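One structure below.
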Amino acid sequence: MRFLLASALAMALSSPGCTKDAGGVASAPSAPAGAPKDAAHTGAAAAASAAKGPRVLLPSGKAISLELARSDEEKGQGLMYRESMPADSGMVFLFDKPEPRAFWMKNCHFPLDIVFTLKDGTVVGIQPRAMPCRAEPCATYPSQAPADTVVELNGGLAAANGVAIGAKLRFLDVPER
C-alpha cells in the first residue's frame, strides 16, 4: 500500500495503497452434523489461539495470519509488487487514531478486500474486491467512516466469512489491538 496525495493532509497521511507508497493458520473446521451452530467457531478459536504471531479471527471463525504494517515505510510498501498472497494470510495497517482512510491498488497484482476497522475490531467500512490499478490515474478506495486499523484480505474472503459493517473482528497478537 502506498500513501496517496489527497487534498487534505489527514487523508494523504492515511491513504496507503497496493503501491510504492503504501502467513498460515488453520481455517475453521466444519461442525459435525447435529452440533451447535457455533461449534465450528469454537474450533477455529482454539486453532487461532494455538497459532503464533499476529492474526485476526473473522466472524465465521476463520483465522487469518497477518503481516504488520506499522511504520510509514511498511504502510507505503504494503502488498505492492507481490504476485499473490497465501489464502489464509493478510496484512494489517495500524494507525494511531481513527481518521478517514483511502487506499489505492497501484502496483498490486491481485484483488483485495480492504476492511476498515476500529482498534476493538468493529468493522466500519469495506471495499470488497478492490481491483489492481492498470493505468494512471488509479482509483482510490475510501473508508466509509474513520478507522484506525485496516485489514487487507484476498478478494472475496471478507464476504465469504461474514465480514460486514458492524461485525467484529478479533485481533490476536496484534500490538495495541
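Computed from the coordinates by the stated procedures, all read-outs in this text should not be read as laboratory data. Keep in mind it's a predicted model, so treat the numbers as computed, not measured. Virtual Cβ from ideal backbone geometry, glycine too; neighbours counted across all protein chains shown.
Structure notes:
- Length added when fully stretched, Arg134-Phe110, from 0.36 nm per residue minus Cα-Cα: 7.5 nm
- Too-long pairs where the Cα-Cα distance tops 22 Å, listed order kept, from Lys97/Lys168; Lys106/Lys168; Lys75/Lys97; Lys62/Lys106; Lys62/Lys97: Lys106/Lys168; Lys62/Lys106; Lys62/Lys97
- Distant-in-sequence amide contacts of Trp104, defined by a placed amide H-H separation under 5 Å and a gap of 5 or more residues or a different chain, comprise Arg2, Gly17, Cys18, Tyr141.
- Calculated from backbone phi, Karplus (6.51, -1.76, 1.60) coupling profile of the range 115-128 in Hz, x at Gly/Pro: 10, 9, 9, 9, 3, 7, x, 5, 6, 10, x, 9, 10, x
- In the range 62-160, the DSSP beta bridges split such that about 75 percent are antiparallel, to the nearest 5.
- Cross-link partners of Lys119 among aspartates and glutamates (Cα-Cα below 14 Å; sequence separation of 8 or more within a chain): Asp96, Glu99, Asp148, Asp173, Glu176
- Difference of contour (0.36 nm per residue) and Cα-Cα distance, Asp173 to Arg82: 30.3 nm
- Applying the criteria of a DSSP loop state and at most 15 other Cβ atoms within 10 Å to the trypsin sites (Lys or Arg not before Pro) of the range 96-138 yields Arg134.
- Rg/Rh ratio calculated on Cα atoms of the range 53-134 (Kirkwood radius): 0.93
- Table column - 3J(HN,Hα) (Hz), the range 75-87, Karplus curve with 6.51, -1.76, 1.60, x for Gly and Pro: 5, x, 6, x, 9, 5, 6, 7, 7, 6, 9, x, 4
- Note that the range 150-167 has calculated 3J(HN,Hα) couplings of 10, 10, 9, 10, 4, x, x, 5, 4, 4, 5, 10, x, 7, 8, 4, x, 5 Hz, one per residue in order, obtained from phi through the Karplus relation 6.51 cos²θ - 1.76 cosθ + 1.60 (θ = phi - 60°); glycine and proline are x.
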